[in-house]
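Notes to accompany the following structure.
Rule-based calculations on the coordinates, nothing more; no lab input. Small disclaimer: the values here were computed from a predicted structure and weren't measured. Glycine also receives a Cβ, built like all others from the backbone with ideal geometry; neighbour counts cover every protein chain displayed.
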Amino acid sequence: MSTLEIKGLHVEIEGKEILKGVDLTINTNEIHAIMGPNGTGKSTLAQAIMGHPRYEVTAGTITLDGEDVLEMEVDERARAGIFLAMQYPSEVNGVTNADFLRSSINAKREEGDEIPLMSFIRELDAKMETLEMDEDMATRYLNEGFSGGEKKRNEILQLMMLKPKFAVLDEIDSGLDIDALKVVAKGVNELRGEDFGCLIITHYQRLLDYITPDKVHVMIQGKVVQSGGAELALKLEEQGYDWLHEELGIEAETVEQEA
Amino acid sequence: MTVETKLALTEQDVRSYSEKMNEAAWMTDFRADAFAKLEQLPMPKPDKTRIDRWNFTDFPIHAVESSVYSSLDELPAKARELFDAEKPGSLYIQHNNTPAFLSLSDDLKAKGVILTDIFTATREHGELVKKYYMTNGVKVDEHKLTALNAAFMNGGVFVYVPKNVVIEEPIQALFLHDDEQVSLFNHIIVVAEANSSFTYIENYMSTVANAKGQANIVSEVFTGDNSNVTYGAVDVLSEGFTTYVNRRGVTGRDSQLNWVLGLMNDGNTIAENITHLVGDNSGADMKTVVVGTGKQRQNFTTEIISWGKNTNGMILKHAVVKDESTAIFNGIGKITKGAVGSNAEQESRMLMLSPRARADANPILLIDEDEVTAGHAATVGRVDPIEMFYLMSRGITKTEAERLIIHGFLAPVVDKLKVEGVKKLLTEVIERKVR
Ligand SMILES: Nc1ncnc2c1ncn2[C@@H]1O[C@H](COP(=O)(O)OP(=O)(O)OP(=O)(O)O)[C@@H](O)[C@H]1O
Ligand SMILES: [Mg+2]
């Protein structure tokens, strides 16, 4: 079993404190979900785990099986087994999806032990079929001109090809139609097991109908304010966050809504 | 101070060289005429680069004699990769200044296709060569460097594709440089008659790290009515050459001329690529990639001039500069009076890899007609840290991520080179330069 442990995490963006002491422990063979209103710091948590250059950790720790993750470069974190499916993945001109994936896979392997081209292609074909992706997605430039939903599927394709120990999925369901949602859930469920732990950031219970979480957390104003089982997501879906604000005595902040 | 432009050669030297190369007599006189003009002609004035201290005229020796190849096995391995050794197809190889290998299928010969070194062409296809050689394309008296090319020409190739001939396999030329003393005064003529279609790809390859000579290269391309020509080039000439390279196109009605240029010289370079869209409904698509390194200074002028109605000009340039190199990109879209319905577009993308490298995009639109469309876009930037983060978040190291981004940045042009071997070579050259 592996463990990703976050303790007392404080994170700033451009001098503004967004995370104000987050504690969270995820083991392999567990699926956690984080929900919470817009702008409360869910993506910030995800980016801080991965090591995004604009997010500064000012206090707290992140460890992977005791190893200090914050000491690692972004690529080292990935090779240690952390994966982030981004809310807004970059478009990279001129780099084909397939080349990118192959480089990513080979980055984890020793020099001279690169994945044989044929096995790579076979595996890629199979995963793309699972995700019902068009064949030409492999030869197109990375995310360039991909629709919102296609980008999300492409993130899951990377997840499935790289098979990390821990994946953080940031709003992997937003912009997906209901069929795509099922497909993406199928992809994640394929990975479920002893060697895989997952943190799903979502606004909608719907995704959790397909990927049943072991734990659900609520983040408000930069802190995890409530944790529970799958039933917590259902309650949030029905009642929103107001009852939590009241119960916990948090003053609701006006947050900028996403466009 | 201006570099002394006194030339080591005399008119008599030029005449005897022509005779030695067994050229047609008209060419001997043509050279002598050009030589006579040399003295008075001014140097070219590339916008935003001062070249009055550059040396374009000194060189150790006018021409050398190098070995010819009886088989492709005799080529250096790097050069062999450019071709399909099993079936070399249509191929001309020049070894320094010596025509060294020629291959053209009987089928193409029977169709009237001509592929031959320029000396032979003046003799065997005199009327044709005379019609196109510095008449309608590049003029002898444009400036000192064009006259220099005319007088001192010591290599080049003549490509002629008759009416209605469509060639699928590219015609390839290799100019192999492996002697420090060598100067290249090459002249290339490519003629596409009506309704023909083909690709010509040339490689300039140095296998010696240093050069003491000059590279003065002139290419003229003529596309007949309704023809379609792609002209690809990968220039990788070694440091020490001061390169002047002038590639010019003139289009006939309904024809299309595509340029795909990988300009990867290691020395200072002045490159000029101009296409005159003369025929109505003709088009030019000019794609250029450049990598500047070290203290290299380079100036690239890309220009499309619309004369005919409904012509279409597209310019795309991607450049990477590092170290202390400087690269100036002059992009000119010109639509003359009467070229109704024409379009001039250009796009320049520059990536700067180090703080002391400089890339300047200098887009110019000169429009003398009302009913036209035109536009330009230019960006000068650095590697995007968010893109880097994305790639690295999949385990890719910083170095490898940078490599992917740079290759990706140049790919839209590199991928247009249709020959795998040439594409591979260009990719390797880029690799070496950006490392
Ligand atoms: N560059 C920045 N400068 C200042 N504030 C920023 C910057 N980037 C993000 N923020 C703020 O950080 C806060 C947390 O953002 P984050 O993206 O983590 O929210 P989220 O919980 O993922 O929201 P959503 O559900 O809308 O995706 C927001 O209020 C946002 O405006
Ligand atoms: Mg978010």
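Values for this structure:
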read-out	value
Among B:Val221, B:Val191, B:Val372, residue whose mean-square fluctuation peaks in a GNM of chain B (springs only between Cα atoms under 10 Å)	B:Val372
Stretch gain in nm, segment A:Ile115-A:Arg54, where the contour uses 0.36 nm per residue and the Cα spacing is subtracted	18.7 nm
Lys pairs under 26 Å by Cα in segment A:150-227, provided they are eight or more residues apart or on distinct chains	19
Rounded if a/c under 1.5, otherwise prolate or oblate - segment A:1-94, Cα gyration tensor axes	rounded
Point-to-point label distance, A:Arg206-A:Asp65, nm (Cα→Cβ direction, 7 Å offset)	3.8
Virtual spin-label span in nm between B:Arg15 and B:Asp106, 7 Å along Cα→Cβ	4.5
Proximal charge balance of A:Lys42 [Cβ under 10 Å; K/R count +1, D/E count -1]	-2
Normalised alpha carbon radius of gyration of the protein assembly as shown [divisor 2.2 N^0.38 Å]	1.17
Stretch gain in nm, segment B:Glu428-B:Lys78, where the contour uses 0.36 nm per residue and the Cα spacing is subtracted	124.9 nm
Per-residue Cβ neighbour rank within 10 angstrom, fewest leading, B:Met286, B:Met21	B:Met21, B:Met286
With Cα atoms, 0 to 90° folded angle of helix A:230-239 axis to chain A main axis	60
Nitroxide proxy distance, nm - points 7 Å out along Cα→Cβ at B:Lys212 and B:Ile386	5.4
In degrees, nearest ten, helix A:148-162 long axis to first principal axis of chain A (Cα)	70
Pairs of alpha carbons in segment A:157-259 whose separation is greater than 21 Å (percent)	41
Helix-only [θ]222 nm of the protein assembly as shown, DSSP H runs n ≥ 4, -39500 (n - 2.57) each, per residue, nearest 500	-8000 deg cm²/dmol
Built amide H within the under 5 Å cut-off of B:Val234, gap 5+	B:Glu202, B:Asn203, B:Tyr204, B:Gly262
Segment B:11-279: Rg to Rh, with Rh as the Kirkwood radius over Cα pairs	0.94
Proportion of all alpha-carbon pairs of segment A:34-175 beyond 17 Å (%)	64
For segment B:383-435, projected area of the alpha-carbon convex hull averaged over all directions, nm²	3.8
Residue with peak Gaussian network fluctuation, chain A [Cα springs, cutoff 10 Å], from A:His32, A:His203, A:His52	A:His52
Highest-MSF residue in chain B out of B:Gln296, B:Gln40, B:Gln256 [GNM, Cα springs under 10 Å]	B:Gln40
Residues whose placed amide H lies under 5 Å from that of A:His10, excluding near-sequence neighbours	A:Gly21, A:Val22, A:Thr58, A:Ala59, A:Gly60
Between 0 and 90°, nearest 10: helix A:117-130 axis offset from chain A longest Cα axis	50
